[in-house]
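Chemist: Following this message is one structure expressed as structure tokens.
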Amino acid sequence: MKYLEKALFIYDELSIDTIEMLKDNDFDTEIIAVEKSKFLSDPLEYILIANHLVLSGDMSLINQLLEFAYAHSANGQHCTLAFIPLPAQKLLRSSYQLSSNLQENIEVALRDDTQAINLLECNGKIVQFKVSIGQIPLLKAWHSETSILAFLQNIFLGMKQFFSLSLGKLTIETEKNKQIKTVASGLFIVNQNKGSYLSRILQRSSSMRSDRLSLVILSPFSAVEYFLFLFSLVLHLKKENTLPHAVSNIKSKQITVDMKTFVSNENDKVPEVLLDETEYESFPLTFKIIKQAVKINAPDEFWQLNPVSNTEKESIRIDNLPDEKELGKYLNQHLPFFSVASEERFKDLFLQLRTDANINSLYIVLMLLSTLLASLGLFANSAAIVIGAMLLAPLMSPIISFSMGLLRGDDKLLVHSVIKIALGVSLAVLASSILTLLLPQVDLSNEIKSRIHPNLIDLGVAVVSGIAAAYTKAHKELLNSIAGVAIAVALVPPLAVAGIGLGRGEFYIFEGAFLLFVTNIIGISLSTVLTFQFLGFSNAVKSKKTLGFIMIILALLSYPLYRSYADSLQRYQLTNSLKSERIIINEKVIMIENASIDYQNKMKIINMTIVLKQALNESELQAFKNTIDQRFVSRHQIRITIKFIL
């Protein structure tokens, strides 16, 4: 590596301590230190001594000399730069990939290996790092070189902005006269590839040696969407070459932004414009790239991250901007907490849900077939047959329609959905009851037993399934996933078990299975309502009385579900405590090989396999029973299978 013979070191009071270390360099470079005011009084005189400037000081010094170097080079004279950032100048250091080690930065600064970079210009003013326009809540705090106190103040200000976020109208025009009229909360340009959360949006598409500037437009449809956008940035969730929701991007050699249209009347406040943290007030704003504006020294990593990019094409990615027909929904008002669905999306979904709420012969046939298939699968203890029945079952669609009716306060949709659900439930219970009467009595299979003791976990499954069902229904491209949702929540099998309970005359089976079905209905309905609201199909639940009634049912359900869950947990703990236990009675060792707890006609049945070397007499069996009885409070029976070791 070759190093310079001579260089000027321009410093201020913040960087005066660097002089000695710089002069005592290991590269035989002669350093001439010049205080900034002296240099600025007659810069051309000093340039004649050495035309490589090593800069260290506050950002105003660096910005001044950057503009000087650009103007000097534009006049056909040669002037190169290098930066030695102060410890607090994290943005300068990260932008140019400089080290936190002073010696390493000195080595880079004195290399005889300068290369040209492009600069961003706004209305004739050089911008080194970034431009921000309007509201970009919370992001500014992470893109500023501030103290901890100022950082916290920025966070507080950002939170206030977050809850008062609004969109204003603006016009954007590119070099090739492409005009975009839209609304946005804020815009920004980041003039480096790395070093901030803002630059993560563009990843490697931004470069200090690209001849196109990159304008990012933030236009969230809701406060939640903006929060998710921030979340994706912090966790690096964005894929390469994709834009987060709420973000659009325009790349061109020149872009003009007219923000006067943000203002609807003379009393409205003009959006804030910051050029490298300095307020600017001149409209419209015209941004353009100055090619090969200055030559600088930088580490190898900087040049790798900022490759030369020359293209005549413009890139306009504005799919995430609101449609021009819907601009009025967002203009000059606070963003809703949840997104507002587009008219096209709402129309398509609502037409589909109206159809789903109507009874037809196909629905009746599928309900009967799925119930009969589920009943046979339950009797045969075949999970595969039961899953097939779930796939056939059409009961999910009217439940989703019912939820939309709740959300929108559409009485017609509500009534039609309730009638269709009631008909489906009646057909299912009746069909499984008749099939049970026709078949010979058989023992209850595990598939049946697993559906007569619902608990809070089943409610959780219903809630998650309702979210998935609403989400898949709202997005056409995901409709194939609705079958998976139907399998997850299993609406028809509990109805089939309820019918089997009626057919057998064992009402505890009917009660447990029907409780599971009602749990599924309530969980799906509530979570679907909230998901549709989250997706923007209504900003409030219109049918509040009906929703309140459902909430009351949920509250009533919660107690038996909790009792069932607590009982299930107790059974698990007791079963585990019994397994492999050794009990000694009259010097006879009884080893419990395995144990399980089941129910029959609401009676708790404790099944155990014990291993003995000697037979137990009646009194010893009674003593063993008493030992086990002490662990159970509720009414129960003990059934023992005995194994002898000979």
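The values are calculated or read from the model by the stated rules, or taken from the named source; none is laboratory data. Worth saying up front: this structure is predicted, and the values here are computed from it rather than measured. Glycine also receives a Cβ, built like all others from the backbone with ideal geometry; neighbour counts cover every protein chain displayed.
Chemist: Going by the conditions given, is E121 of a type in the set (D, E, K, R) and either surrounded by 17 or more Cβ atoms within 10 Å (Cβ to Cβ) or within 22 Å of D211 (Cα to Cα) (or both)?
Modeler: So E121 fits the description; yes.
Chemist: May I ask you to list the residues in region 348-370 that are among the β-branched types (V, I, T) and within 38 Å of the chain's Cα centre (by Cα)?
Modeler: Matches in region 348-370: T355, I359.
Chemist: Still on this structure: Going by the conditions given, is I421 within 35 Å of the chain's Cα centre (by Cα) and either β-branched (V, I, T) or not assigned by TED's automatic domain parsing to the domain that holds L373 (or both)?
Modeler: For I421, the condition - within 35 Å of the chain's Cα centre (by Cα) and either β-branched (V, I, T) or not assigned by TED's automatic domain parsing to the domain that holds L373 (or both) - is met.
Chemist: Next question, about the same structure. Can you work out which of the residues in region 86-126 that are among the small types (G, A, S) and on the phi < 0 side of the Ramachandran plot is farthest from the chain's Cα centre (by Cα)?
Modeler: It comes out as A109.
Chemist: Just give me the residues in region 286-325 being β-branched (V, I, T) and surrounded by fewer than 18 Cβ atoms within 10 Å (Cβ to Cβ), in sequence order.
Modeler: T286, I290, V308, T311, I316, I318
Chemist: Do we have any residue at all in region 12-25 that's in a helix (DSSP H, G or I), surrounded by 12 or more Cβ atoms within 10 Å (Cβ to Cβ) and of a type in the set (D, E, K, R)?
Modeler: The answer is yes; a qualifying residue exists.
Chemist: Tell me, which residue of region 274-296 that is of a type in the set (V, I, T) and closer than 19 Å to S60 by Cα is modelled with the highest pLDDT?
Modeler: I296
Chemist: Mind listing whichever residues of region 288-305 are in a strand (DSSP E or B) and aliphatic (A, V, I, L, M)?
Modeler: Within region 288-305, I289, I290, A293, V294, I296 meet the criteria.
Chemist: What's the number of the condition Q77 fails, among (1) modelled with pLDDT of 90 or more; (2) assigned to a loop (DSSP other than H, G, I, E, B); (3) not acidic (D, E)?
Modeler: (1)
Chemist: So in region 216-273, with the set limited to residues that are at pLDDT 80 or above and of a type in the set (G, A, S), which one is farthest from L138 (Cα to Cα)?
Modeler: Applying the filter and picking the extreme gives S252.
Chemist: Report those helices (runs of 4 or more DSSP H) wholly inside region 369-472 carrying at least 3 residues which are under 14 Å from L491 (Cβ atoms).
Modeler: Fully inside region 369-472 and qualifying: 383-392, 396-408, 411-438.
Chemist: Take P43 and decide whether it is surrounded by 13 or more Cβ atoms within 10 Å (Cβ to Cβ) and at pLDDT below 95.
Modeler: Criteria met by P43.
Chemist: Among the numbered criteria (1) within 17 Å of I16 (Cα to Cα); (2) at pLDDT below 90; (3) touching a Lys or Arg at 6+ places or on another chain (Cβ under 8 Å), which single criterion is violated by S94?
Modeler: Result: S94 fails condition (1) only.
Chemist: Name the residues in region 427-455 that are buried (at least 17 other Cβ atoms within 10 Å of the Cβ) and hydrophobic (A, V, I, L, M, F, W, C), would you?
Modeler: Selection gives L427, A428, V429, A431, L435, L444, I448, I452.
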